[in-house]
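Worksheet for the structure shown next.
The values are calculated or read from the model by the stated rules, or taken from the named source; none is laboratory data. In this text, all values refer to a predicted model and were calculated from it rather than measured experimentally. For neighbour counting, all protein chains shown are included, and Cβ atoms are generated from backbone atoms with ideal geometry for every residue, glycine included. Note: accessible area is taken over every heavy atom of the protein model, side chains too, but ligands, DNA and RNA are not part of it. Shrake-Rupley method; radii C 1.70, N 1.55, O 1.52, S 1.80 Å.
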Amino acid sequence: MIGSRITHYEVLEKIGQGGMGVVYKCRDTILGRLVALKVLSPDAVNTPDRRRRLIQEARTVSKLNHPNIVTIYEVGEADGVDFIAMEYVDGSALDTVLHGGPLSVERAVRYGSEAARALGAAHQAGIVHRDVKPGNILITRDDRAKVLDFGLAKLTEASPRPEAETRTDVASQAGTVVGTIAYMSPEQAEGKAIDHRSDIFSLGVVL
């Protein structure tokens, strides 16, 4: 992918990879700015559920406008490649920052407060993140926290479907758990209905 183009995005380097996608640092050749481009990993391209989650993430985050949430610019498809173009954040994930040693109390509280404000904005919009963990909190070069990766986010709006169908899809397949066990609330791990309190529990674990 390095050196190639996806529409008007020139791929510069790979900067991250998760269970669903690969993230590249790209140059927007039209606007002349850097962006982060999330594309489905090769083994996920032909999986309808993975494509649905990618589009769901773009739609979910596009509803949010907050300084501590990574901004979505565009979602699209080119030559069979599904992608999300988003704000490029120059920095490191919190889990990488923590490898350098313990944080001061002041920094820990500040990062936690900024992440809490981001999640509060999401909750006010009826969105539960469902995967709050250090790997999904970016620390920018100017030392601010930004929450990203709403790929597992769930709208908390009421649904007319039976309760058995409105349970969150934590255990969408037998033996499969969606999310990160070490940071999950007990009700999420049990596949029960969840709301914003599950994110609060997960942020508490992060702190």
Which value in nm describes the separation of the simple spin-label points at ILE55 and MET1, placed 7 Å from the Cα toward the beta carbon? 2.0 nm
Accessible surface of LEU207 - all protein chains present, 1.4 Å probe, nearest 10 Å²: 130 Å²
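How do LEU37, LEU138, LEU31 stack up against each other in accessible area, from largest to smallest, with a 1.4 angstrom probe? Don't skip to the answer; put the middle values down first.
Details: LEU37 0, LEU138 30, LEU31 115 Å².
Of LEU37, LEU138, LEU31, the descending order of accessible area is LEU31, LEU138, LEU37.
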Which value, in Å² rounded to 10, gives the accessible area of ILE139 with a 1.4 Å probe and all protein chains present? 10 Å²
When the solvent-accessible surface of protein heavy atoms is calculated with a 1.4 angstrom probe, in what order do ASP195, ASP82 fall, highest first? ASP195, ASP82
With the cut-off at 1.5 for a/c, could you classify segment 79-161 from its C-alpha gyration tensor as rounded, prolate or oblate? oblate
Rounded accessible area of LYS38 (nearest 10 Å², 1.4 Å probe): 20 Å²
